[in-house]
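One structure is given below, encoded as structure tokens.
The values are calculated or read from the model by the stated rules, or taken from the named source; none is laboratory data. Source: prediction; values computed, not measured. Cβ atoms come from the backbone with ideal geometry, glycine included; neighbour counts cover every protein chain shown.
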Amino acid sequence: MFADEQTAGRGRRGHTWFSPPGSGLYVSVVLAPGRARVDPERATRLLTLAVGVALADAVEAAAGLRVDLKWPNDLYVARRKLAGILAEAAGDAVVVGYGVNVTAASFPPDLRDRATSLESELGRACDRAVLFAETLAALDARYADLLEGRFDAILDAWRRRAPSAHGGRVRWTTPDGEASGVTAGIDDEGALLVRVGERIERIVAGELRWD
């Protein structure tokens, strides 16, 4: 499903996704990683990373722009957010929604220092139909990787596109208060590894704040 606008767009943790008419690419697809031929549970855990890789592949194919991935589900150009992903379980399936800022109108003025768009980065118009087609083609390829158990292909591609996964400073809230550390990559299950003092923490969910 491809929407021209969203009147109640949202991201993770109930955050609002600003999505006015004709300004971005807003898509929802229904996938079933639980039907994978190899290790369905692992395929489900890696789904969001796989979609991130697919969107990065698609943006590069459609616009010639290389983007970075930030754990667990965002696409960035430098320090500005370009796109986001939201995956929600729906019975035996997962509804994956993704939004890509295409024009500068796709984010409000108060986010200009934290968000960007394809046209802002390229300095020219970007065809949303071409971008849409490329996202579907890339999703098809990365979803096939999941279903066939080619997990290393997804993990390797994600790691190549995620410089912040090593050496980035992050903070998060625990039952005992705020914790912080330095990112040390992701493991083979897609969890973010964070060095806290002399130990390594595995972050599998929750709200991270990047410094």
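Residues that are under 29 Å from Asp188 (Cβ atoms), of a type outside the set (Phe, Trp, Tyr) and touching a residue at least 60 places away in the same chain (Cβ under 8 Å), at least 1 per element: which strands (runs of 3 or more DSSP E) completely within segment 62-129 meet that?
Where strands (runs of 3 or more DSSP E) fall fully within segment 62-129 and carry at least 1 residues being under 29 Å from Asp188 (Cβ atoms), of a type outside the set (Phe, Trp, Tyr) and touching a residue at least 60 places away in the same chain (Cβ under 8 Å), they are 68-70, 80-90, 93-101.
Quick one: which residue in Gly149, Gly190 is at positive phi and either in contact with a Pro (Cβ under 9 Å, 6 or more places away or on another chain) or modelled with pLDDT under 95 (or both)?
On the way: Gly149 fails: either in contact with a Pro (Cβ under 9 Å, 6 or more places away or on another chain) or modelled with pLDDT under 95 (or both).
Matching residue, one of Gly149, Gly190: Gly190.
Output the number of residues of segment 36-65 satisfying the condition of being closer than 24 Å to Pro108 by Cα and over 14 Å from the mean Cα position of the chain (by Cα).
Residues in segment 36-65 being closer than 24 Å to Pro108 by Cα and over 14 Å from the mean Cα position of the chain (by Cα): 2 in total.
Yes or no: Glu134 assigned by TED's automatic domain parsing to the domain that holds Val59, of a type in the set (Asp, Glu) and within 19 Å of the chain's Cα centre (by Cα)?
Taking the combined requirement at face value, the residue satisfies it.
Does Gly190 satisfy the criteria of being in a loop (DSSP other than H, G, I, E, B) and either over 21 Å from Arg114 (Cβ atoms) or in contact with an Asp or Glu (Cβ under 8 Å, 6 or more places away or on another chain) (or both)?
yes
Being surrounded by 13 or more Cβ atoms within 10 Å (Cβ to Cβ) and under 17 Å from the mean Cα position of the chain (by Cα) is true for just one of Arg169, Arg159, Arg114. Which residue is that? Quick ask: steps written out before the conclusion?
Working: Arg169 fails: under 17 Å from the mean Cα position of the chain (by Cα); Arg114 fails: surrounded by 13 or more Cβ atoms within 10 Å (Cβ to Cβ).
Exactly one of Arg169, Arg159, Arg114 is surrounded by 13 or more Cβ atoms within 10 Å (Cβ to Cβ) and under 17 Å from the mean Cα position of the chain (by Cα), namely Arg159.
Conditions: (1) under 23 Å from Arg45 (Cβ atoms); (2) assigned to a strand (DSSP E or B). Arg142 meets all but one. Number of the miss?
Looking at each condition in turn, Arg142 falls short on (2).
Would you check if Ala78 is under 24 Å from His166 (Cα atoms) and surrounded by fewer than 17 Cβ atoms within 10 Å (Cβ to Cβ)?
Working: under 24 Å from His166 (Cα atoms): yes; surrounded by fewer than 17 Cβ atoms within 10 Å (Cβ to Cβ): yes.
Yes; evaluated as a whole, the condition is true for this residue.
Residue by residue through segment 104-116, note down the ones that are in contact with a Lys or Arg (Cβ under 9 Å, 6 or more places away or on another chain) and under 16 Å from Leu65 (Cβ atoms). Step through it out loud before you land on a result.
Going residue by residue through segment 104-116, those that are in contact with a Lys or Arg (Cβ under 9 Å, 6 or more places away or on another chain) are 104, 107, 111-116.
Those that are in contact with a Lys or Arg (Cβ under 9 Å, 6 or more places away or on another chain) and under 16 Å from Leu65 (Cβ atoms): Ala104, Ala115, Thr116.
Among the residues of segment 173-187, write down those that are surrounded by 12 or more Cβ atoms within 10 Å (Cβ to Cβ) and more than 19 Å from the chain's Cα centre (by Cα).
Of everything in segment 173-187, those that are surrounded by 12 or more Cβ atoms within 10 Å (Cβ to Cβ) and more than 19 Å from the chain's Cα centre (by Cα) turn out to be Thr173, Ala179, Ser180, Gly181, Val182.
Considering each residue of segment 101-115, count those that are closer than 23 Å to Thr135 by Cβ and touching a Phe, Trp or Tyr at 6+ places or on another chain (Cβ under 8 Å), and give that number.
Matching residues across segment 101-115 total 5.
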